[in-house]
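Have a look at the structure below, then the notes.
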Amino acid sequence: MSKVETFYYDNEIVKKFAYATAFWGLIGMTVGLLAALQLIFPSLNFTSWTTFGRIRPLHTNAAIFAFVGNGIYMGVYYSLQRLVKARMFSDLLSKIHFWGWQAIIVAAALTLPLGITSASEYAELEWPIDLAIAAVWVVFGINMMGTILKRRESHLYVAIWFYIATWVTVAVLHIFKNLELPVSLWKSYPIYAGVQDALVQWWYGHNAVAFFLTTPYLGLMYYFLPKAANRPVFSYKLSIIHFWALIFIYIWAGPHHLLYTSLPDWAQSLGMVFSLMLIAPSWGGMLNGLLTLRGAWDKVRQDPVLKMMVVAVTAYGMATFEGPMLSIKSVNAISHYTDWTVGHVHIGTLGWNGMLTFGILYWLLPRIFNTKLYSVKLANTHFWIATLGMLFYAIPLYWAGWTQSLMWKEFTPDGFLRYTNFLETVTQILPMYGIRAIGGTIYLGGVILMIYNLIKTVKQGDFVANEQAEAPPRPVPAAHSTEKLHRRIERKPMLLLGLSTIAILIGGLVEFFPMSLVDDNVPKIESVKPYTALELEGRDLYLREGCLSCHSQMVRPFRSETVRYGEYSKSGEFIYDRPFLWGSKRTGPDLHRVGGKYPDSWHYNHMLLPESMSPGSIMPTYPWLISNDLSTDLTADKIATLRTLGTPYPEGYEQEAVNDLKRQAAQVAESLRADGIEQEGLENKEIVALIAYLQRLGTDIKPAAQAGN
C-alpha cells in the first residue's frame with residue numbers, strides 16, 4: 001500500500017490574486033465607462049492626462065492585464081495545486097509574481113495618462129515596463145513548471161495543457177513584438193517599420209486575445225465548470241482535438257485584421273483561411289463545456305455560478321463564430337474601422353472573460369474562507385444585471401457599425417458620395433453611444449454588487465491560508481507502457497511544453513520570415529523620404545495624445561474611400577513609419593491624405609477648439625499643444641536611433657537636426673501669422689510640430705510615382 005503524504009495548498013496567493021481581480025476589474029471598467037461617456041460628452045476630457053486618446057489604452061490595459069490577468073493567476077494558482085496534488089513550487093516566487101504584476105499595473109496606470117506610450121495596440125507600454133513584464137512572466141513560468149514537475153499526480157489534466165501553451169506562447173509573442181531600440185528611459189522605436197510592423201503587431205494583437213484572453217480561460221473552464229457542476233468533462237477525446245487544433249491554427253489568423261490594407265495579398269488570404277478554420281476547434285471547446293452540464297440543467301437554473309459559466313461559454317461560442325465571419329473579406333469590408341468590431345470584442349471580454357471570472361470568484365472565495373456565499377440572491381441579481389448590461393453594451397455597437405459602414409459607402413444616383421461630411425456619420429451614431437454607456441453603467445453596477453457580496457462573504461468566513469491535503473507520491477511509470485500516445489505525452493510536461501512551442505512557432509515563422517527577408521513584399525517608392533526632425537517630433541506628439549485611437553492612416557482600395565480621402569495607400573509609403581499607424585477604428589476621418597488638404601491655421605484652430613472648424617465634433621480640445629513649448633532634448637538621439645534602425649538620414653544629421661527643426665518651425669509659424677494667428681513664441685510650441693506632421697501625411701506620392709505603383 002502506498003505511503004500517503006500530507007502537504008498544504010497555498011491559499012494565500014490565491015486570495016491575493018482574487019482581491020486584485022475584483023479591485024482592478026472595478027477600476028478598469030470605471031475607466032472604460034469614462035471613455036464611453038467622453039464620446040458623447042467631450043467636456044469630460046477634463047485634462048491632458050484624461051483625454052480619450054490616453055484613457056482608452058489605459059482602459060484596455062486595465063481590463064486585459066489587470067482584471068483578466070489577475071483572474072488567470074487566481075484560477076491557475078488555485079486549480080494547478082489541486083490538479084497536481086502539490087503546493088506551488090516556491091512561496092517566494094508566488095509573492096514576487098503577485099507584487100511584480102501589481103507594480104507593472106501601477107506603472108501602466110501612471111505612464112499611459114502621461115502620454116508615455118509605444119502606441120502599439122495591446123502593447124502600449126514602454127520598454128522598461130516590457131522588460132519587467134518579461135521578468136515576471138518568467139517567474140510565473142518557473143513557479144508553474146516547477147510545481148508540475150514535483151507533482152504527485154502522473155496524468156496532466158487538460159486544463160494544464162492550456163496553461164502550458166499559454167505560458168510559452170505569450171512569452172514568444174511578448175518578446176518578438178517588443179523588440180525595440182531605446183532612445184531614452186521612456187522612449188523607444190520598434191525594429192520593425194511600416195508593413196512589417198503591421199504584420200507583427202496583429203500577429204501579436206490577435207494572439208494576445210487568443211493566448212491571454214482565451215486559452216488560459218479555456219483551462220479555467222475545463223477545471224471550474226466541471227467542479228461547479230460536480231460532473232466530469234463531457235469528452236476527453238474532444239479536449240485533445242480542441243487543444244492541439246486551437247493552438248496550431250490560432251497563431252496564423254492575425255492578418256485578418258489587415259484585410260484590404262497594404263499588406264501583401266498572400267498574407268491577407270492566409271489569415272482569412274486559417275481564421276475560418278478556427279470555427280471548428282473553438283466550437284469544439286464550447287460544446288465540450290456546455291455538454292458537460294448535460295443532465296444538470298435543474299442545478300444550472302438554481303446556481304448563479306453555473307448560470308454565469310453557461311453565459312460565459314455561450315459568449316465564447318458567439319465571439320469565436322463571429323471572429324471568423326469577420327475575417328471573410330466581403331464581411332470585413334463592412335465591419336473594419338467601425339464600431340461593429342468594438343461590439344464583437346466586448347462580447348468576448350464582458351461575456352466570456354467577465355462572466356467566467358465572476359463565476360469563479362463566487363465559487364472560489366467561499367471555499368478558501370470555509371464558508372458559504374453571503375447571498376445567493378444577490379449573486380443571481382448580479383447575473384441578470386451583467387447579462388442585461390452586456391446586451392445593452394454590444395447590440396447598439398452592432399447597430400452603430402452597420403450605420404457607419406452604410407453611410408460611408410453610400411452614393412447618390414448621380415455618382416456622388418451622399419455623406420461628404422464625415423461628421424454626419426458621427427452624429428448619427430451618438431444615440432447608440434448613449435445606449436452603450438447605459439449598458440456599461442449597468443454592467444459596472446453588477447461588479448459593485450459582486451464586490452459587496454464577496455466582502456460580506458469574506459467577513460463571515462475563516463480564511464484557510466494553508467489548506468491540508470493528502471496524496472500518495474507519484475508512481476514511477478512502467479518501462480513498457482501500453483498507453484496511447486497522448487496519454488504518454490500527458491505524463492511528460494517538458495515534452496508537452498516543447499510540442500506546444502513547435503505548434504505555435506510554425507504559423508508565426510511562415511508569416512513572419514517572408515515579410516522580413518523578401519524585399520519585393522514591400523516595394524520601395526523613390527519619392528518617399530524620411531520625416532524631417534520637426535515632422536518626427538510632431539509624429540511623436542500624435543502618438544502621445546493617442547490620436548490613432550480615433551483616426552486611421554490607411555486608404556483602402558474602395559471607391560467610397562478613394563473618393564472621400566484620395567489615392568489608396570501603398571505599402572512603400574510606410575517604410576519609415578515606426579510604429580505603423582494604420583489604426584483599427586474610425587471615430588474621426590482617415591488622415592493618410594490629409595497633408596495639404598487644409599491650411600496650417602485650420603489645424604491650429606481645430607486643435608484649440610474642434611467645433612470651430614467642425615461643428616458637432618466630439619473631438620477633445622488640446623489647448624496644451626498651443627501653450628507647451630516643444631522639447632528638443634531627444635531630437636538628436638531620435639535621429640541617431642532611427643538611423644541605426646535603417647532610416648537613411650545623412651551621416652551627422654543629428655547634429656543639425658535641431659537647427660533644421662527650428663527653420664521648418666519658423667516657416668509654419670510664419671504661415672500661421674499670415675492667417676492672423678498672433679501668439680508669442682509660436683515657432684517654439686508643440687502645435688507647430690504637430691501641424692508639420694499632419695501636413696506631410698500622404699504627400700510623398702507624386703503623380704509619376706502613382707502611375708508606377
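Working only within region 169-195, note down all residues that are at pLDDT 95 or above and of a type in the set (Phe, Trp, Tyr).
Within region 169-195, Trp186, Tyr189 qualify.
Out of all the residues in region 627-657, which are in a loop (DSSP other than H, G, I, E, B) and exposed (fewer than 15 other Cβ atoms within 10 Å of the Cβ)? Spell out the reasoning first.
First, the residues of region 627-657 that are in a loop (DSSP other than H, G, I, E, B): 628, 630-634, 645-652.
Result: Ser631, Asp633, Gly646, Pro648, Pro650, Glu651, Gly652.
Those residues that are among the charged types (D, E, K, R), part of a helix (DSSP H, G or I) and surrounded by 15 or more Cβ atoms within 10 Å (Cβ to Cβ), I need them from region 488-508; list them, please. Before you say what the answer is, go through the steps one by one.
Pass one, region 488-508, residues among the charged types (D, E, K, R): 488, 490-492.
Narrowing the set further to residues that are part of a helix (DSSP H, G or I) leaves 488, 490.
Answer for region 488-508, where residues must be among the charged types (D, E, K, R), part of a helix (DSSP H, G or I) and surrounded by 15 or more Cβ atoms within 10 Å (Cβ to Cβ): just Glu490.
Please list, ordered by first then second residue, the pairs with beta carbon atoms under 9 Å, 6 or more apart or interchain, first in region 287-299 and in contact (Cβ under 8 Å) with a residue 24 or more places away in the chain, second of a type in the set (Lys, Arg).
Thr292/Arg231; Leu293/Arg231; Leu293/Lys299; Arg294/Arg231; Gly295/Arg231; Ala296/Arg231
Checking the conditions here, which among Trp602, Trp624, Trp582 is aromatic (Phe, Trp, Tyr) and buried (at least 21 other Cβ atoms within 10 Å of the Cβ)? Full working, then the answer.
Details: Trp602 fails: buried (at least 21 other Cβ atoms within 10 Å of the Cβ); Trp624 fails: buried (at least 21 other Cβ atoms within 10 Å of the Cβ).
Just one listed residue meets the conditions, Trp582.
Every residue in region 609-626 that is in contact (Cβ under 8 Å) with a residue 60 or more places away in the chain, in a loop (DSSP other than H, G, I, E, B) and on the phi < 0 side of the Ramachandran plot, please.
If the condition is that a residue be in contact (Cβ under 8 Å) with a residue 60 or more places away in the chain, in a loop (DSSP other than H, G, I, E, B) and on the phi < 0 side of the Ramachandran plot, then Ser614, Pro615, Ser617, Ile618, Met619, Pro620, Thr621, Tyr622 are the ones that fit.
For every residue, the table says whether it meets (1) part of a helix (DSSP H, G or I); (2) over 27 Å from the mean Cα position of the chain (by Cα).
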| position | (1), (2) |
| --- | --- |
| Pro557 | no, no |
| Glu561 | yes, no |
| Arg564 | yes, yes |
| Glu573 | yes, no |
| Arg578 | no, no |
| Gly588 | no, no |
| Gly595 | no, yes |
| Tyr604 | yes, yes |
| Met607 | yes, yes |
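Can you work out which of the residues in region 1-47 that are touching a Lys or Arg at 6+ places or on another chain (Cβ under 8 Å) and assigned to a helix (DSSP H, G or I) is nearest to Leu92 (Cα to Cα)? Talk me through it step by step, then tell me what you get.
Of the residues in region 1-47, the ones touching a Lys or Arg at 6+ places or on another chain (Cβ under 8 Å) are 5, 7-10, 13, 35-36.
Next, from what is left, pick out any that are assigned to a helix (DSSP H, G or I): 13, 35-36.
Values: Ile13: 10, Ala35: 38, Ala36: 40 Å.
Only one residue tops the list, namely Ile13.
If I filter region 232-244 for residues that are of a type in the set (Gly, Ala, Ser) and closer than 26 Å to Ser330 by Cβ, do I get at least one hit? Let's see the steps before the verdict.
The first filter runs over region 232-244 and keeps only residues of a type in the set (Gly, Ala, Ser), leaving 235, 239.
Next, from what is left, pick out any that are closer than 26 Å to Ser330 by Cβ: none.
Taking every residue of region 232-244 in turn, none turns out to be of a type in the set (Gly, Ala, Ser) and closer than 26 Å to Ser330 by Cβ.
With the structure loaded, tell me whether Arg87 is part of a loop (DSSP other than H, G, I, E, B), of a type in the set (D, E, K, R) and surrounded by fewer than 20 Cβ atoms within 10 Å (Cβ to Cβ) or whether it fails that test. Lay out the reasoning, then the answer.
Details: part of a loop (DSSP other than H, G, I, E, B): yes; of a type in the set (D, E, K, R): yes; surrounded by fewer than 20 Cβ atoms within 10 Å (Cβ to Cβ): yes.
Considered against the rule, which asks whether it is part of a loop (DSSP other than H, G, I, E, B), of a type in the set (D, E, K, R) and surrounded by fewer than 20 Cβ atoms within 10 Å (Cβ to Cβ), Arg87 comes out as yes.
Yes/no per residue for (1) in contact (Cβ under 8 Å) with a residue 60 or more places away in the chain; (2) surrounded by fewer than 24 Cβ atoms within 10 Å (Cβ to Cβ):
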| residue | (1), (2) |
| --- | --- |
| Arg231 | yes, yes |
| Leu238 | no, yes |
| Trp252 | yes, no |
| His257 | yes, no |
| Val273 | no, yes |
| Trp283 | no, yes |
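The values are calculated or read from the model by the stated rules, or taken from the named source; none is laboratory data. Here the structure is a predicted model, which is why all the values come from computation and not from measurement. Virtual Cβ from ideal backbone geometry, glycine too; neighbours counted across all protein chains shown.
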